[in-house]
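Written out below as C-alpha cells is the structure these notes cover.
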Amino acid sequence: MRRILGVILVALVVVSALFVISRIAAPYLVSSGLVRSAMEGAVSRWTGHRVSMSGTPEIEFWPKPRVSLNGVTISKPGADGMKVLGRIEKLSATFGLYSAMRGRPQFDAFHLLRPRFHVDRDNNGRLDWASEGLLSAAVREVEPRDGDAQMLGPEFDASVGAVTIEDGSIELTDEASGHLLVANGISADIAWPRLSQALKATALLDAGGLAIKLDFSSPQPLLLFSGRDARLNATLDAAAFAARFDGVVNLTDGLFRSGGLALSAKDIAALKAWSGIRLAGLDNVKQAQLTAELARVGEELRLDGLEFDVNDIHGTGILSLSRPAGAKPRVSGTLAFDRLNITRLLSAFSLDLPSADEESQATERPPRLLQWLDFDLTLSATRADLPPFELGDVAASILATGKAAQFDIADAAFEGGDLTASFIGAGSGFARGGDLTLSIRNADFAAVADHLKVAGPVARGRGSVDLTVNTRQPPWETGLSDMSGTFTFASQGGVLTGIDAPAIRRLASTSAYFQLSAGGDGSMPYDRLDYSARFASGRAEVLKARLVGPDETLTVSGIVPYADNALALLGELSATDPAGEAAFPRLRFFIGGAWPDPVITPIYLPPANPLK
C-alpha cells in the first residue's frame, strides 16, 4: 500500500510539473499569429461571413490557454458594399495547448464582450444571417429522430461548448411589418456541447426599459433554427409579466404547435406602459393569469383545459383560434365563470370606429377587441352582475364580428324567477346601441323595486315582464330618453304601495285637488295587475293599466312625460263586483304634477237622471 501511494504521489508531481512547464514554455511553442488566424477562421466558418479584427490579439496561457480578439467585425457583401452584421468589442475563447502546438488549435468556452448584432428579416421571413457557414450547413442537414432528439451526420456535428455573452444587444428589423425590435444589456450563458445535442441557455436582457430573464432549452435546436417542428422549453420572467411554454413550436410561421402554456400579467399598468397597448376596458384589469394545453388541428389552434383569473374572477373552458379565408381571426369556444360582469363584457366587445371626419381624433380612442378579432363564445356563470342586479346560473352566448354583434342570455335566475334576453348590436358592436328584448317570468318585483330604489307607488308581488328596447347609444351609458320600445307587466297577487283607495275617496269628497301623499302610506291589495305602455323620446303612452282588487278596481290611462318627471293621466276607481257599486261608487280623477307625489283632481260626474 505504501508503494502504491508513493507511485501515485510521484505521478501527481510529474503531471503537475509537466503542466507548469508547458504553461511556461507555451509562448515559445505556440505561434500567436497562428492562433489568431485560426480563431478568425473558426468564427468565419461558423457564421459563413467575413470576419476581421482591428485591434491587437491577446493570448494568455495561465491558468488555461485563451485567445482574445479585439474589434471583431462580421460582414457580408451587400448592394452598397460590405454590410455589417455585427461588431464584438472583444471575442475570446480557450484553446487546447497541444492542438495549438500541432498547428490546429481547437477552441472552447467562447466569451463575447459587448457584441452588437444587426438582423434583417425580409418579406419572405429570411434572415440576412443565413449563409453557407458551418451552423447553416448543420441546420440544412439535420433530421428529426425518434423521440425528442435530432440526427446529424458526423461531418457536420461540430463541437460548440460554452458561450458567454456580456452586455450584448440585438436589433431586428422586420421588413414585412416595418417594426424595429431592440434588446439591450444582454447577459447570457449558453451550453451546447455539440451541434447534434441539446442546447440550454439563460439570459438577462433589457427590452424597451423592461428587465427580462429568459431560460431556454431545446433537445432539437437545429430543427428549431431550421423552421421545423421542434421541442422547446422556455420561461420568461419580468416585473410586469411572466410566461412559460413547454411543447413543440415552429419558428417559420411563428406558431405554437402543442404543449403547456402559462401566462401571467402581474402589473397591467406597467405592461401597458412598456408595450404601448391601448385597449378599451383594459384599465379595469389589475392582474390576469392563464394556463392551457395548446394543440393545433389543421389551421386551428385550440386551448384545452383553459383556466384563467382576471382580477378576482376565475374561469375555465375551451377556446379555439382560427382564421377563415378573407376574414379576421376568430375566437370561439366555451367559457365558464365563477362571476361575470355583463356591463364590462359588452363594453369590451364594443366597436366604435370614427367617421371619416373624425380620423384625426382616432388616436384618442382606445381600440376594441373587434378591430382585431371576431368572437363566437358560449358563456356560463354561477353569478353575473348586471348593476344593480345579480343574476344566477347564467347561460349566455356572444357573437361579435366586424359586421354584426349579438349577446343572448338563454337562461338565468333573477329575483326568484327566470330571465332571458337578447341584445342585437346596431352594426359591428354594441357601442352604437341596438335592439334589446327581455323576458322575466315569476320574479319578486318587491326586490326589483328595492334594487332600483323606486320612489312612489310600487307593485310588490311576483310578476312577469316583457320588454323591447331600441337605442342608438351604448346601453351602459344611455338614459331613458334615448330609448324607445314597449313594456308589459303582469302580476297575480300582491299590493300596490302608496295607493290608499279609502283615503282617496275621502279626500275627493272634501277637496277639489290634493297630493297623493295626503292619503297616507296605505296600500291597495290586488288579485291581478296588468300594465302595458310604449315609450319614445322621453314620453310613455299608457296602453293599459288595470289593477283588480278584492273590492275595488283601479284603471289608469294617459301620457307620462318621464323626461320631465311629469304625469298626465286619467284614473278611475270602481267596484270590482258590480253588485258592490253602492259601497264603492265610480270615482274618476286626473293625475298631474310630478312623480313620485302627483296631484289628484277629482272629476265629478253628472247625476244618473239629469233634469230635462
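The values are calculated or read from the model by the stated rules, or taken from the named source; none is laboratory data. For clarity, every value in this text was computed on a predicted model and none was experimentally measured. Because the Cβ atoms are built from the backbone with ideal geometry, glycine has one as well, and the counts that use them run over all protein chains shown. Accessible surface is based on the protein model in full, side chains and every heavy atom, while ligands, DNA and RNA are left aside. Shrake-Rupley method; radii C 1.70, N 1.55, O 1.52, S 1.80 Å.
Residue count for the range 428-467 under the criterion of being crowded, with 17+ Cβ neighbours inside 10 Å and under 30 Å from Lys403 (Cα atoms): the result is 10. Could we say that Thr510 is open to solvent by 50 Å² or more (accessible area, probe 1.4 Å), hydroxyl-bearing (Ser, Thr, Tyr) and assigned to a loop (DSSP other than H, G, I, E, B) here? So Thr510 passes the test.
Within the range 556-600, if we keep just the residues that are surrounded by 16 or more Cβ atoms within 10 Å (Cβ to Cβ) and polar (S, T, N, Q), the residue that is nearest to Leu480 (Cα to Cα) turns out to be Ser574. The criterion of being among the small types (Gly, Ala, Ser) and either in a loop (DSSP other than H, G, I, E, B) or open to solvent by 60 Å² or more (accessible area, probe 1.4 Å) (or both) does not hold for Ala203. Could we say that Ile212 is surrounded by 17 or more Cβ atoms within 10 Å (Cβ to Cβ), under 33 Å from the mean Cα position of the chain (by Cα), in a strand (DSSP E or B) and of a type in the set (Val, Ile, Thr) here? Criteria met by Ile212. Within the range 564-582, is there a residue that is of a type outside the set (Gly, Ala, Ser), at positive phi and at pLDDT below 90? Within the range 564-582, one or more residues are of a type outside the set (Gly, Ala, Ser), at positive phi and at pLDDT below 90.
Of all the listed residues (Ala566, Ala503), the sole one being in contact with a strand residue (DSSP E or B) (Cβ under 7 Å, 6 or more places away or on another chain), in contact (Cβ under 8 Å) with a residue 12 or more places away in the chain and of a type in the set (A, V, I, L, M) is Ala566. Within the bounds of the range 491-500, is there any residue that is out of contact with any helix residue (DSSP H, G or I) (no Cβ under 6 Å at 6 or more places or on another chain), within 28 Å of Phe584 (Cβ to Cβ), of a type in the set (Val, Ile, Thr) and not in a loop (DSSP other than H, G, I, E, B)? Looking for residues that are out of contact with any helix residue (DSSP H, G or I) (no Cβ under 6 Å at 6 or more places or on another chain), within 28 Å of Phe584 (Cβ to Cβ), of a type in the set (Val, Ile, Thr) and not in a loop (DSSP other than H, G, I, E, B), one finds at least one in the range 491-500, hence yes. Between Ser218, Ser226, the distinction of being crowded, with 16+ Cβ neighbours inside 10 Å, in contact (Cβ under 8 Å) with a residue 60 or more places away in the chain and of a type in the set (Gly, Ala, Ser) belongs to Ser226 only. Among the residues making up the range 313-342, those that are over 15 Å from the mean Cα position of the chain (by Cα) and modelled with pLDDT under 85 are Arg323, Pro324, Ala325, Gly326, Ala327, Lys328. Checking Val119, Val84 one by one, the residue that is at pLDDT 75 or above, within 43 Å of the chain's Cα centre (by Cα), farther than 24 Å from Trp192 by Cβ and among the aliphatic types (A, V, I, L, M) is Val84 and no other. Considering the range 291-309, and only residues there that are closer than 19 Å to Arg339 by Cα and surrounded by fewer than 18 Cβ atoms within 10 Å (Cβ to Cβ), the residue that is farthest from the chain's Cα centre (by Cα) turns out to be Gly305. Per the conditions (1) at negative phi; (2) modelled with pLDDT of 80 or more, the sole criterion not satisfied by Gly305 is (1).
The residue list Ala336, Ala288 contains one member that is small (Gly, Ala, Ser), touching a helix residue (DSSP H, G or I) at 6+ places or on another chain (Cβ under 9 Å) and crowded, with 16+ Cβ neighbours inside 10 Å, which is Ala288. Among the conditions (1) under 50 Å from the mean Cα position of the chain (by Cα); (2) open to solvent by less than 20 Å² (accessible area, probe 1.4 Å); (3) modelled with pLDDT of 95 or more; (4) aliphatic (A, V, I, L, M), the only one that Ala540 does not satisfy is (3). Against the test of being under 29 Å from Ser258 (Cα atoms), touching a Gly at 6+ places or on another chain (Cβ under 9 Å) and buried (at least 17 other Cβ atoms within 10 Å of the Cβ), the options Ala198, Ala183, Ala176, Ala191 yield a single qualifying residue, Ala183. Of all the numbered requirements in (1) touching a strand residue (DSSP E or B) at 6+ places or on another chain (Cβ under 6 Å); (2) aliphatic (A, V, I, L, M); (3) within 24 Å of Lys272 (Cα to Cα), Ala211 misses one, and that requirement is (1). Considered as a group, the residues in the range 259-314 that are among the polar types (S, T, N, Q), out of contact with any Gly (no Cβ under 8 Å at 6 or more places or on another chain) and in a strand (DSSP E or B) include one that is farthest from Ala183 (Cα to Cα), and that residue is Gln289. Residue count for the range 227-253 under the criterion of being of a type outside the set (A, V, I, L, M, F, W, C), under 20 Å from the mean Cα position of the chain (by Cα) and over 16 Å from Phe216 (Cβ atoms): the result is 0.
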